[in-house]
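Written out below as structure tokens is the structure these notes cover.
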Amino acid sequence: MSDKPAAVEQEESLFEAPPMGEQERMVEAILFATADPVTVAELEGRMPHGCDPAEALVYLRKRYEGRGVSLVKVGDAWALRTAPDLGFLMQKETVETRKLSRAAVETLAIVAYHQPVTRAEIEEIRGVSVSRGTIDQLIELEWVRFGRRRMTPGRPVTFVVTQDFLDHFGLEGARDLPGLKELRSAGLLESRPVPGLGAVPKEDGDGDDEVIDDGDQSEMFDET
Amino acid sequence: MSDKPAAVEQEESLFEAPPMGEQERMVEAILFATADPVTVAELEGRMPHGCDPAEALVYLRKRYEGRGVSLVKVGDAWALRTAPDLGFLMQKETVETRKLSRAAVETLAIVAYHQPVTRAEIEEIRGVSVSRGTIDQLIELEWVRFGRRRMTPGRPVTFVVTQDFLDHFGLEGARDLPGLKELRSAGLLESRPVPGLGAVPKEDGDGDDEVIDDGDQSEMFDET
Amino acid sequence: MSDLETFQSDVNDRLAAEALIVDVDGFEGPLDLLLTLSRTQKVDLRQISVLALARQYLAFIEQARDLRLELAADYLVMAAWLAFLKSRLLLPPDPTEDGPSGEELAAHLAFQLERLSAMREAAAKLMARDQLARDFFARGITEDVTRTRRVTYTATLLDLMQGYARIRTKDEFRPFVMDREKVFTMEEALSRLRGLIGFAGEWTDILSYLPEGWEMDPVKRRSATASTFAATLELAKEGKIELRQGDVFAPIQIRKKDR
């Protein structure tokens, strides 16, 4: 790394500044990791005493010439930017992501846990009718697809989850989805007493769909 | 950004891949544009037809050797990261991470070294029950995820570490975990049955072909 | 103030007595405690004397027990097991007896300790590594070229699982009003009893006054029993009925009181 000749004229300073090759590395790392363009003054402030970032920038600019990335000046600050001619590669970066609606999440969850499942079954489990748009959206996202028709009267179509779905959620298979008990023991679902098994649900009825905390029968050696 | 006639050039080489130097630039630009690791498959999908990003990565890695930024492998993906010795320049970018409890750190290590591992196995190794919050916290950090179910009675869910985990700790793969070989040769990664309790089946005996098979995490441990 | 002083000196006595005893809460379970104790043997975990370790543990538990009665069950279970192991190790093996030998059990314990210790070291090594956003950094300026604007929807596995859990546990959620379905109030019991006591010329078990449909479900039955009982007390106070109970836990009977 110290192949570059150290800066020739170093200002008189108590401490010797790092060799220019090192300084170039530093500038490179700072420009890479910082979220905004960085001024020379700021570089100087962040680098060890006696460094000459302006000179390091010259070397760095030369180093990136013709590369996929170039050193550009933005106002009085510096930044590394991808080469303009490669902009066409960035299309995938411009995706706007939105959170899936609760209805869609629930429908998706039911398909995942109960597949193959018919629309009527989804409605029965959710206890509300499922709008056409919700399933369409999931199909469009390629998380849900049509399965075989059920061999029952009316031969209703069924829904199953796709490989894309598994990939997106980092699952090996739909069967690996944790069950309720496992969700609970992993802490993903507040545990609460099962009705009829002793403790009666607390009567502070806060909302109807938020999980009620059960005051935790803390195990003695619970870790924190 | 300027729209250089890159597109035109693109049309010309409709059936011919761009020269390797150009491919290297493209890989460089794509990796510069994102903070997350990018897989070879994704690079291939974004680059013009016929490109060989794997080879371009080899050149690029060499190019960044000893620089302020380096090309690192994270699982089956690649990312650019600043050189660890320059971390001191980046105080401004440092993200204060929530301090993990000793229980969480140990649980994380057990998942990493023993994966895929069930909750019962984690408890057996630590000799204490795993509290709800612990695994929950690791999943929330996206360092741990659900793996396949173990094909043993009860089909318990297993836990494995994620690409984010590898990325965070600068590991190319789970087989690069510190001291893994020594631990394995010392037999400390085996699950030994308690004497008198008979053999406990350890590995997920495949043969259940209903399971959707895909990227088996055991390959993370494959010796190359 | 003097109370505080007494308290203080109590605490000091206690602390002195426990000087050598590490608070059991400081350990993460019996295995952790055993591992700590084993360190005092200053040998490779593979050469550790499980017998000596068992003795240390038992002594520790004995002493800790004198001072803190609330010692956790886990620790006592381990103590019992180690006492058993100790006897197995000390006595010559009984050839007629089945099951693992003391040596096998001891070897397994040593293995568990070694494995736990190894995992601790591994965890420490892991945390000592350079970490993202602490020692090395990702790209700060991610590309913001907005050319194709495609909207995708995203959800996490957590959303999915919580969504599912929300649906599947919906039946368990009983808001306050709904919960009352299984509660038979004292007012209800009173009005029911008032209508019925006219017929109670003879001694009758109060349980026969439970409303229909409330006898089977244990939760409903409990509620109805309690409110009916309370209602009978109220009626007795009003002088409308008499109450009697033959023995402890015997059926409680009521009879209309003739004026």
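Here are the numbers for this structure:
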{"read-out": "Filtered residues of region C:113-140 (kept if at the interface with another protein chain (Cβ under 7 Å from one of its Cβ atoms), closer than 22 Å to B:Val105 by Cβ and of a type outside the set (D, E, K, R))", "value": "C:Leu116, C:Ala118, C:Met119, C:Ala122, C:Ala123, C:Leu126, C:Met127, C:Gln131, C:Leu132, C:Ala133, C:Phe136"}
{"read-out": "Test: residue in region C:70-84 that is under 23 Å from C:Glu103 (Cβ atoms), loosely packed, with under 15 Cβ neighbours inside 10 Å, modelled with pLDDT under 90 and within 14 Å of chain A (Cβ to nearest Cβ)", "value": "yes"}
{"read-out": "Some residue of region C:177-190 being out of contact with any Pro (no Cβ under 9 Å at 6 or more places or on another chain) and modelled with pLDDT of 85 or more", "value": "yes"}
{"read-out": "Qualifying residue in region A:99-120 (condition: out of contact with any Pro (no Cβ under 7 Å at 6 or more places or on another chain), closer than 26 Å to C:Thr154 by Cβ, among the acidic types (Asp, Glu) and surrounded by fewer than 19 Cβ atoms within 10 Å (Cβ to Cβ))", "value": "no"}
{"read-out": "The one condition in (1) of a type outside the set (D, E, K, R); (2) outside any helix (DSSP H, G or I); (3) outside the structural domain of A:Arg145 (by TED's automatic domain parsing) that A:Met26 fails to fulfil", "value": "(2)"}
{"read-out": "Pairs, first assigned by TED's automatic domain parsing to the domain that holds A:Leu108 and over 16 Å from A:Ile135 (Cβ atoms) in region A:145-168, second surrounded by 15 or more Cβ atoms within 10 Å (Cβ to Cβ) and small (Gly, Ala, Ser), C-beta under 9 Å, six or more apart", "value": "A:Leu166/A:Gly173; A:Leu166/A:Ala174; A:His168/C:Ala155"}
{"read-out": "Residues satisfying the stated conditions in region B:90-108, i.e. over 26 Å from A:Thr34 (Cβ atoms) and over 21 Å from the mean Cα position of the chain (by Cα)", "value": "B:Ser101, B:Arg102, B:Ala103"}
{"read-out": "Selected residue [among the hydrophobic types (A, V, I, L, M, F, W, C), facing another protein chain (nearest Cβ under 7 Å) and farther than 19 Å from A:Pro156 by Cβ] from A:Ala109, A:Ala103", "value": "A:Ala109"}
{"read-out": "Flag if A:Leu57 is of a type outside the set (D, E, K, R), part of a helix (DSSP H, G or I) and in contact with a Phe, Trp or Tyr (Cβ under 7 Å, 6 or more places away or on another chain)", "value": "yes"}
{"read-out": "Among the residues listed as B:Leu86, B:Leu80, B:Leu71, the single one being at the interface with another protein chain (Cβ under 9 Å from one of its Cβ atoms) and either outside any helix (DSSP H, G or I) or touching a residue at least 40 places away in the same chain (Cβ under 8 Å) (or both)", "value": "B:Leu80"}
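Matching residues to (1) β-branched (Val, Ile, Thr); (2) touching a strand residue (DSSP E or B) at 6+ places or on another chain (Cβ under 7 Å); (3) free of Cβ contacts under 8 Å to residues at least 40 places away in the same chain; (4) assigned to a helix (DSSP H, G or I):
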position: B:Thr97; (1), (2), (3), (4): yes, no, yes, no
position: B:Leu100; (1), (2), (3), (4): no, no, yes, no
position: B:Thr107; (1), (2), (3), (4): yes, no, yes, yes
position: B:Tyr113; (1), (2), (3), (4): no, no, no, yes
position: B:Glu121; (1), (2), (3), (4): no, no, no, yes
position: B:Glu124; (1), (2), (3), (4): no, no, no, yes
position: B:Ser129; (1), (2), (3), (4): no, no, yes, no
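The values are calculated or read from the model by the stated rules, or taken from the named source; none is laboratory data. Not measured: the values here are computed from a predicted model. With ideal geometry, Cβ positions are generated from the backbone for all residues, glycine too; neighbour counts draw on all protein chains shown.
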